[in-house]
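Input: a single structure, listed below in structure tokens.
The values are calculated or read from the model by the stated rules, or taken from the named source; none is laboratory data. What you see is a predicted model; the values in this text were computed from it and never measured. For neighbour counting, all protein chains shown are included, and Cβ atoms are generated from backbone atoms with ideal geometry for every residue, glycine included.
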Amino acid sequence: MVGLLLAIQVLDNQSVMALGLFIIATVSLWLLVRRERHFSNPLLSPKMFRSATFSIQIITATILSGVLIGYQVYFPIWLQSLYRVSATTAGLVVTSSSVMWLIASFFVGPLLAKYVPKRIAIVLIILMLLGYVELIVAGKSFPVWAFYVIAMVNGTGMGIVISMNTILSQHLVLPTMVGSATSILTLGRSLGQTVMAGVYGAILNLMIRLNLHDGITFSQVNGVISSNHTHEVANRAMADPIILMALHAVFISVVVILLIVIVINWLDPNKKIIN
């Protein structure tokens with residue numbers, strides 16, 4: 001995990017080192033899996049992953065947690081840097097998501113009683129995807145209220161899907177493995193947020209560096225993104241399109257991983273309601 005995180009940190013400016021660290025992380029993971037198979041009481045029991053539906057719940061929760069950190073961080077950055085709102089005001093955009101997450105989680109039980117889990121997940125993820133598709137073509141005139149709506153849709157979708165992932169991951173294993181299943185899900189959610197935070201940051205920095213022109217520097221663009229507006233950047237008119245393009249790239253990556261998780265859930269072999 002350390003190798004993976006370090007690789008992401010240097011991805012935008014030291015690609016060779018990043019590749020080496022990715023290889024180290026991959027080899028370490030392989031060695032871990034190999035060792036776990038030889039223990040009578042392993043930390044991560046391979047038996048749990050024999051159920052494709054269980055594995056899909058873990059993968060879905062991991063990927064959606066990566067999406068979660070994306071809008072929680074980059075919605076405020078968008079509003080703060082391009083709309084000139086304060087850091088406090090920009091941060092409030094994700095409040096609607098938290099409220100809807102709490103409300104939506106109460107509907108998980110009734111939904112699971114009526115519908116196949118993968119259908120629930122696919123429909124809600126498609127709704128989230130539509131919001132991000134709008135963001136990748138949005139300009140500076142994109143309305144502020146739309147960010148609140150997209151955050152609400154994300155909160156609703158994740159409140160249902162991730163809560164469903166938690167319930168099913170515990171239901172689909174033996175009673176003796178419920179604790180391990182919960183731990184794996186928690187690890188996946190934490191790992192998804194940590195890794196994707198690094199990936200988004202690398203994408204943002206890389207796109208900013210690739211689009212620097214006419215004497216504008218990386219530090220000047222960072223100055224626009226910063227919440228400190230006491231020192232205005234003189235060539236803000238050139239910095240804003242660079243920031244917008246970098247943010248578009250971040251949300252394109254979100255669209256890509258949402259498409260991946262839709263396909264993964266589509267491949268879930270379970271076609272029955274799980275009681």
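Restricting the first member to the stretch 209-223 and to residues that are surrounded by 14 or more Cβ atoms within 10 Å (Cβ to Cβ), and the second to residues that are among the aromatic types (F, W, Y), the beta-carbon pairs closer than 7 Å and six or more apart or on different chains are R209/F218; L212/F218. No other residue among V178, V255, V224, V263 is under 20 Å from A121 (Cβ atoms), hydrophobic (A, V, I, L, M, F, W, C) and in contact with a helix residue (DSSP H, G or I) (Cβ under 6 Å, 6 or more places away or on another chain) apart from V255.
In a helix (DSSP H, G or I), without any contact (Cβ under 8 Å) to a residue 60 or more places away in the chain and not polar (S, T, N, Q) - does that describe any residue in the stretch 51-74? Looking for residues that are in a helix (DSSP H, G or I), without any contact (Cβ under 8 Å) to a residue 60 or more places away in the chain and not polar (S, T, N, Q), one finds none in the stretch 51-74, hence no. Of all residues in the stretch 173-181, none satisfies being modelled with pLDDT of 90 or more, assigned to a helix (DSSP H, G or I), of a type outside the set (G, A, S) and assigned by TED's automatic domain parsing to the domain that holds I58. Selection of the stretch 107-122 for residues being farther than 14 Å from I260 by Cα and among the hydrophobic types (A, V, I, L, M, F, W, C) yields F107, V108, L111, L112, A113, V116, I120.
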